[in-house]
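Q: My structure is below; once you've seen it, I'll send some questions.
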Amino acid sequence: MNAPAEFARAVCPHDCPDTCALRVTVKDGKAIKVSGDPDHPPTQGVLCTKVTRYAERTHHKDRLLTPLRRIGRKGEGRFEAIGWDEALKLAAERLKPIAKRAPEAILPYSYAGTMGLVQGESIAARFFNVLGASRLERTICAAAGAAGLRYTYGASLGMHTEFYAESEIILIWGANPIASSLHFWTLAQEAKRRGAKLIAIDPYRSLTAEKCHQHIALRPGTDAALALGMIDVLIREHLIDPDYIRAHTLGFDALAARAAQFPPSRVAQICGIEEGVVVELARAFGSTKKASIRLNYGMQRVRGGGNAVRAIACLPSLTGAWRERSGGLLLSSSGWAPIDGAALERPDLLPGWPTKLPRAISMNAIGDALLHPGDETFGPKVEALIVYNSNPVAVAPDSAKVAAGFAREDLFTIVLEHFQTDTADYADLIFPATTQLEHLDVHKSYGHTHIMANMPAIEPVGGSRPNTDIFRGIARAMGLDEPALYETDEAIASKAFHWNDSTLEGEGWDSLKEAGWLKLRLDDAPLANGGFRTPSGKCEFYSERLKQEGLDPLPDYLPPYESADGSPELHARYPLSMISPPARNFLNSSFVNIESLRAAEREPHLDLHPADAAARGIADGALVRIFNDRGSMQARARVTERAREGVVVGLSIWWKKLSPDGRNANEVTSQALTDLGRSATFYDCLVEVEPMH
Ligand SMILES: Nc1nc2c(c(=O)[nH]1)N[C@H]1C(S)=C(S)[C@@H](COP(=O)(O)OP(=O)(O)OC[C@H]3O[C@@H](n4cnc5c(=O)[nH]c(N)nc54)[C@H](O)[C@@H]3O)O[C@H]1N2
Ligand SMILES: Nc1nc2c(c(=O)[nH]1)N[C@H]1C(S)=C(S)[C@@H](COP(=O)(O)OP(=O)(O)OC[C@H]3O[C@@H](n4cnc5c(=O)[nH]c(N)nc54)[C@H](O)[C@@H]3O)O[C@H]1N2
Ligand code: SF4
Ligand SMILES: [Mo]
């Protein structure tokens, strides 16, 4: 007789703003179904298609079940199974002498494979801190926007997603929520039913853009010009809130002068849109205080991404939209939970803390970093690399260099993974990691205001272990005796938050575990009466801090590195801008190996405008080669007006080895960094496309 089915409660660990509450049906020790928790207000019982397949992913036949040692060439993917003791011993033997001689030659590489605070950077960070390893700038995704808001608001302050449902106009700006944040789309739909106007600002007619009332298809990387043009119209047409500006902002006159350089005619030219569209957009936004912007990351992956966020962030402060809880903007609520980062990561364990820290290496230039021979300025050559919660060989830009770096025979690489990814193929040792259904964790969210607890629903599959356990094991095998390395997951989880913070008063780890989630106590309209966290306490249109750093104190439009304006010569050779935003059925490169989801995406496609296709003799359905000086990839052309003229779109991020030519969009993307925040510039990329014969 089979055991009866039971539910366990979990949290979606993926890099998605929605952070859903999950119900896991467990039978005979196996997860057989994962569904959305109907009791969790942000989740409302609904999951995206990807995560309804989480049981399929967890019990997939390709799950890594034992440690593996490489027996083939790097990248070839041939391994043999070994026991845990032997694997940990091998790791320790290689790492110990490097740690002794040149600790900075050891580099962690991780991102948000899991957003969990325990399986993310707790024991891992402590381990690298104790060693004095190089630090990693974790800036692949959100750093430009975060910096833009930090200079303007003092922090990533903003609206609560739930109140978008009450907005009268929503600008969905550089965001594709139907694919990337489904629960926000539900709220936008509710607003629409109540009469709100939805406007998408996106070079591509995404799944979301096609369902909005209006779609403004600007050129990639020109958002700052559009926002400055709106500012100019708002000011000239007196659609601003003088009292809010006087009380809560700094630098209005200087901003007005800057915006005056962006009349609608110039903006139209820069963005490749009609002049009237700029004027109408400003009027629509200025017509009501219940005007909101769902700002997202798609618009900041270009050279001027930080400035663009700064320019857009000025808009609700000019119109006083912040006075309403349904007015303002949201980029991320990630910083609102009172996380105790010092307790989790223990930076005080760093050898030179707090004055002389080990060097930091940008994850966005990992290719160059791995290929660097080492010198005075760079410091020691990277000799050991430990990858967890990330798949850099597929997701990092300028992939040929990344792969060449990973292929270095003298580099010792450890990868902690669920599956044998493109990155794992280059490992010397692979350690099998547990999934969210098998380990304990705690979460904040970057799209809602709940903190959440994830309790294991099943035992670890095969011989897999939680990241924390794997790092404890390596530490023990290296003979490290720092007690913080051996704290239990539950002890770490219990101190992840400042429980005495006003947002969590009266709560604690036990009540979080008991309830599954807790809503932070926050003001409904956090900026209605000011409350910016800049040095001046105001919304800083003009930033003295930027000036002191030798940067422009006012937001400006910086043409993309790779564009007709930014690099005319390059543009003459490679006239098409390529963007590679997420495909609906993948989550970054996660889920690409889940057959049902890959089948839904079919194969790598390239969407291109009929005029661009005709000029190159490319028919719908033809195989094409996309290339620039960095590399090339192949895809199947879809000739469609979804792509605006001059822009090609390759939805991503494919596993290279599951693509017909073993390549993906990052063959052509660059390692250049954004103006603010040193973020990646995935959508600042010129290419040419030709039919394949
Ligand atoms: N299904 C799915 N969901 C995901 C992810 C996934 O891979 N798959 N990834 C997760 C992660 S890590 C992140 S960061 C978020 C990303 O999700 P979003 O923050 O929504 O960002 P993107 O999907 O990168 O881009 C959103 C839209 O911006 C457009 N865009 C590109 N360049 C520009 C530009 O210069 N200006 C403007 N205005 N728009 C531009 C793109 O065409 C795209 O339709 O989604 C998360 N959710
Ligand atoms: N061309 C292009 N490139 C992009 C982007 C783009 O839009 N276009 N988007 C960029 C963005 S926004 C981001 S955030 C990055 C994302 O890049 P990554 O953070 O690398 O995201 P994933 O590709 O999903 O890889 C996460 C890996 O972590 C593993 N993992 C998950 N949970 C655990 C765990 O508990 N333990 C261990 N050990 N492993 C785990 C998963 O199996 C998966 O292979 O990619 C960037 N790259
Ligand atoms: S990926 Fe996002 S929408 Fe899908 S289940 Fe996870 S949190 Fe929810
Ligand atoms: Mo991201």
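The values are calculated or read from the model by the stated rules, or taken from the named source; none is laboratory data. Predicted model only: the values in this text are computed from it and were never measured. Note that we place each Cβ from the backbone using ideal geometry, even for glycine, and neighbour counts take in every protein chain shown. Each accessible area value is taken on the protein alone, full model and side chains, heavy atoms only, with ligands, DNA and RNA left out. Shrake-Rupley method; radii C 1.70, N 1.55, O 1.52, S 1.80 Å.
Q: Of the residues in segment 129-165, how many are of a type in the set (A, V, I, L, M, F, W, C) and open to solvent by less than 10 Å² (accessible area, probe 1.4 Å)?
A: 6
Q: Could you tell me which residue of segment 264-305 is farthest from A209 (Cα to Cα), considering only residues that are polar (S, T, N, Q) and more than 17 Å from the chain's Cα centre (by Cα)?
A: Of everything passing the filter in segment 264-305, S265 is farthest from A209 (Cα to Cα).
Q: Here is a follow-up. Within segment 225-246, can you find the residues that are open to solvent by 50 Å² or more (accessible area, probe 1.4 Å) and either touching a residue at least 24 places away in the same chain (Cβ under 8 Å) or farther than 24 Å from L527 by Cα (or both)?
A: Going through segment 225-246, the residues open to solvent by 50 Å² or more (accessible area, probe 1.4 Å) turn out to be 236-238, 242-243, 246.
Answer for segment 225-246, where residues must be open to solvent by 50 Å² or more (accessible area, probe 1.4 Å) and either touching a residue at least 24 places away in the same chain (Cβ under 8 Å) or farther than 24 Å from L527 by Cα (or both): R236, E237, D243.
Q: Mind counting the residues in segment 289-303 that are more than 9 Å from ligand 1 (Cβ to nearest atom) and over 19 Å from H160 (Cβ atoms)?
A: The qualifying residues number 1.
Q: Continuing with this model, one more query. Give the residue that is nearest to ligand 1 (Cβ to nearest atom), with candidates limited to residues of segment 460-478 that are over 16 Å from G116 (Cα atoms) and basic (K, R).
A: Within segment 460-478, the match that is nearest to ligand 1 (Cβ to nearest atom) is R472.
Q: Quick one: in segment 472-497, of everything that is under 18 Å from R94 (Cα atoms) and among the charged types (D, E, K, R), which residue is most open to solvent (accessible area, probe 1.4 Å)?
A: Once the filter is applied, the top-ranked residue is R476.
Q: Do you know which residues across segment 504-561 are part of a strand (DSSP E or B), farther than 20 Å from T319 by Cβ and open to solvent by less than 30 Å² (accessible area, probe 1.4 Å)?
A: Scanning segment 504-561 gives a single hit, L518.
Q: How do the pairs read when you match residues in segment 577-588 that are under 15 Å from A394 (Cβ atoms) and within 11 Å of ligand 3 (Cβ to nearest atom) with residues anywhere that are assigned to a loop (DSSP other than H, G, I, E, B) and of a type in the set (D, E, K, R), using Cβ under 7 Å and keeping only pairs 6 or more apart or on different chains?
A: Note: pairs meeting the criteria are L587/D15; N588/D15.
Q: Residues of segment 110-119 being open to solvent by less than 10 Å² (accessible area, probe 1.4 Å) and within 9 Å of ligand 2 (Cβ to nearest atom), which ones?
A: Within segment 110-119, S110, G116, Q119 qualify.
Q: In segment 339-364, which residues are open to solvent by less than 30 Å² (accessible area, probe 1.4 Å), touching a Ser or Thr at 6+ places or on another chain (Cβ under 6 Å) and not in a helix (DSSP H, G or I)?
A: If the condition is that a residue be open to solvent by less than 30 Å² (accessible area, probe 1.4 Å), touching a Ser or Thr at 6+ places or on another chain (Cβ under 6 Å) and not in a helix (DSSP H, G or I), then P358, I361 are the ones that fit.
Q: Give the number of residues within segment 602-643 that are assigned to a helix (DSSP H, G or I) and open to solvent by less than 10 Å² (accessible area, probe 1.4 Å).
A: Summing the residues that are assigned to a helix (DSSP H, G or I) and open to solvent by less than 10 Å² (accessible area, probe 1.4 Å) in segment 602-643 gives 1.
Q: Taking into account only those residues within segment 566-582 that are within 15 Å of ligand 4 (Cβ to nearest atom) and assigned to a loop (DSSP other than H, G, I, E, B), which is nearest to N664 (Cα to Cα)? Break it down stepwise before answering.
A: So in segment 566-582, the residues within 15 Å of ligand 4 (Cβ to nearest atom) come out as 579-582.
Checking which are assigned to a loop (DSSP other than H, G, I, E, B) leaves us with 580-581.
Details: S580: 10, P581: 12 Å.
Selected residue: S580.
Q: Within segment 168-186, which residues are over 20 Å from the mean Cα position of the chain (by Cα) and either among the small types (G, A, S) or closer than 14 Å to I293 by Cβ (or both)?
A: E168, I169, I170, L171
Q: Filter segment 188-222 down to the residues that are within 16 Å of ligand 2 (Cβ to nearest atom) and either among the small types (G, A, S) or open to solvent by less than 10 Å² (accessible area, probe 1.4 Å) (or both) and list them by number.
A: S206, T208, G221 - these are the residues of segment 188-222 that are within 16 Å of ligand 2 (Cβ to nearest atom) and either among the small types (G, A, S) or open to solvent by less than 10 Å² (accessible area, probe 1.4 Å) (or both).
Q: Of all residues being polar (S, T, N, Q) and within 16 Å of ligand 1 (Cβ to nearest atom) in segment 135-182, which is nearest to A196 (Cα to Cα)? Just the residue, please.
A: Applying the first criterion (polar (S, T, N, Q)) to segment 135-182 yields 139, 152, 156, 161, 167, 176, 180-181.
Adding the requirement that they be within 16 Å of ligand 1 (Cβ to nearest atom) leaves 139, 156, 161, 176, 180-181.
Working: T139: 35, S156: 25, T161: 15, N176: 18, S180: 21, S181: 19 Å.
Result: T161.
Q: Considering segment 583-596 alone, what residues qualify as being more than 6 Å from ligand 1 (Cβ to nearest atom) and in a loop (DSSP other than H, G, I, E, B)?
A: Hits for segment 583-596 are A583, N585, S589, F591, V592, N593, I594.
Q: What number goes with the only condition from (1) surrounded by 24 or more Cβ atoms within 10 Å (Cβ to Cβ); (2) among the polar types (S, T, N, Q); (3) farther than 30 Å from D62 by Cα that N664 does not pass?
A: (3)
Q: Another one. Quick test of your reading of the structure: S580 fulfils all but one of (1) within 13 Å of ligand 2 (Cβ to nearest atom); (2) open to solvent by 20 Å² or more (accessible area, probe 1.4 Å). Name the failing condition by number.
A: (2)
Q: Let me ask something else. Quick check on this structure: which one of A599, A564 is without any contact (Cβ under 8 Å) to a residue 24 or more places away in the chain and either within 13 Å of ligand 1 (Cβ to nearest atom) or surrounded by 15 or more Cβ atoms within 10 Å (Cβ to Cβ) (or both)? Talk me through it step by step, then tell me what you get.
A: Values: A599 fails: either within 13 Å of ligand 1 (Cβ to nearest atom) or surrounded by 15 or more Cβ atoms within 10 Å (Cβ to Cβ) (or both).
One residue alone meets the criteria, A564.
Q: Go through segment 253-303 and report how many residues are at negative phi, open to solvent by 10 Å² or more (accessible area, probe 1.4 Å) and outside any helix (DSSP H, G or I).
A: 12
Q: Pick from A99, A81: which is without any contact (Cβ under 8 Å) to a residue 40 or more places away in the chain and among the hydrophobic types (A, V, I, L, M, F, W, C)? Please lay out each step first, then the result.
A: On the way: A99 fails: without any contact (Cβ under 8 Å) to a residue 40 or more places away in the chain.
Answer to the selection: A81.
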